[in-house]
Amino acid sequence: GTQYVKLAKGSAGQVLKMNSGATAPEWATDIGFVKNWKYTTDNTHVTLQNAGDIYTQLNTSITPSSATHRIIVMVNLGLVSTDSAADVGWDVLRDSTALEQGQSGTVNSTAAAFMNQGDGDAFEATVILVDHPNTTSSVTYKVASDANSGRDMIINRRGSDTGLAVSSRMLLVEIANN
C-alpha cells in the first residue's frame, strides 16, 4: 500500500506552497500582494486661492512595511470648479514632492481638471499613479491646487453655486513588488 505522510502544521502567517524542486509541499511566509491601505473621504466645500495651496482635508498618511514596496495612489476629486475662466490642474504630492508632473509646459501638473472653463462649470477629476517612496517611515500624500492666473480652485461643488455637492476621496494601497 501507499504510505501517507502527515505534513506538520505551519506557523501563524504561513501558507502552503510547492518547494523549489516541485517535489513536495512546504510552509512559507505569506508575502501577499496588498500589505496595507488607507482611505480618506471629504465632502466639505473647499476653495484653494493660490497655486500650491493644499487640500488638507484629503491628506492621507501611510507607513510602508518595506522600503521596496510601492504605493498605489488613487485620488478622485468629486467636482472641481473655479471662480472665473481658468485652466485648472492639480498635483499629487508625497510630503512636499510633486509626483508625475508634465514637463515643458507653462504649468506642469500631475493632472488637469479642465481648460478654459468658468464658475458655472464643474468636472470630476481622477488620477491613479504608482509611487515608490523607498522608506519605512510615514509618508503623507496630498492634493495641491495648480490653477492659473490667480484663479481659485473650488472642490466638491460648482464655483457659482452649491446646487450639487459631492465628496472627494483618496485611497493608498501598499503593494509588494514580488
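Rule-based calculations on the coordinates, nothing more; no lab input. None of these values were measured; they are calculated from a predicted model. For neighbour counting, all protein chains shown are included, and Cβ atoms are generated from backbone atoms with ideal geometry for every residue, glycine included.
Write down the Å³ per residue value for the convex hull defined by the alpha carbon atoms of region 2-135.
185
List nothing, just return the count: lysine pairs in the chain, 8 or more apart or interchain, with Cα separation under 20 Å.
Summing the qualifying lysine pairs gives 4.
With θ taken as phi - 60° and the coefficients 6.51, -1.76 and 1.60, list the Karplus ³J(HN,Hα) couplings across region 39-46 in order, rounded to whole Hz; mark glycine and proline as x.
9, 10, 9, 8, 10, 6, 7, 10
Which of the chymotrypsin sites (Phe, Trp or Tyr not before Pro) across region 4-90 are loop residues per DSSP, with 12 or fewer other Cβ within 10 Å?
Here the chymotrypsin sites (Phe, Trp or Tyr not before Pro) that fit, given the DSSP loop and packing criteria, are Tyr4, Phe33.
Between region 1-60 and region 108-165, what's the alpha-carbon centroid distance in Å?
About 29 Å separates the Cα centre of region 1-60 from the one of region 108-165.
List the residues, sorted by chain then number, that are 5 or more residues from Arg70 or on another chain and whose placed amide H is less than 5 Å from its amide H.
Amide H neighbours of Arg70, under 5 Å, 5+ apart: Ile175, Asn177.
Taking the Cα atoms of region 107-154, report the difference between the largest and smallest coordinate on each principal axis, in whole Å and largest first.
Over region 107-154, Cα extents along the principal axes are 44, 20, 18 Å.
Between Asn108 and Ser65, what's the calculated FRET efficiency when r is the beta-carbon distance and R0 is 25 Å? Round to 0.05.
About 0.20, to the nearest 0.05.
Find, among the GluC sites (Glu not before Pro) in region 87-178, those assigned to loop by DSSP (not H, G, I, E, B) with at most 11 other beta-carbon atoms within 10 angstrom.
none
Given the options Ser20, Ser66, Ser137, which has the most mean-square fluctuation in a GNM of the chain, springs set between C-alpha atoms less than 10 angstrom apart?
Ser20
Would you look at the GNM of the chain, springs on alpha carbons closer than 10 Å, and say which of Leu16, Leu99, Leu79 moves the most?
Most flexible of the set in this elastic network: Leu16.
Output needed for region 1-43: three equivalent-ellipsoid semi-axes, defined as square roots of 5 times the C-alpha gyration tensor eigenvalues, in descending order, whole Å.
The three semi-axes for region 1-43 are 38, 12, 8 Å.
Take every Cα pair under 8 Å in the chain that's 6+ residues apart, average their separations, divide by the length, and report that relative contact order as a whole percent.
Computed value for the chain: 36 percent relative contact order.
Calculate, in nm to one decimal, what Ser160 and Asn116 gain on full extension: separation in residues at 0.36 nm each, minus their alpha carbon distance.
14.3 nm
Taking the radius of gyration and the Kirkwood hydrodynamic radius from Cα positions alone, what is the Rg/Rh ratio for region 131-178, to two decimal places?
Rg/Rh: 1.13.
What percent of all Cα-Cα pairs in region 79-178 falls into each 10 Å bin, going from 0 up to the bin containing the maximum distance?
The percentages, shortest bin first, are 14, 42, 29, 12, 2.
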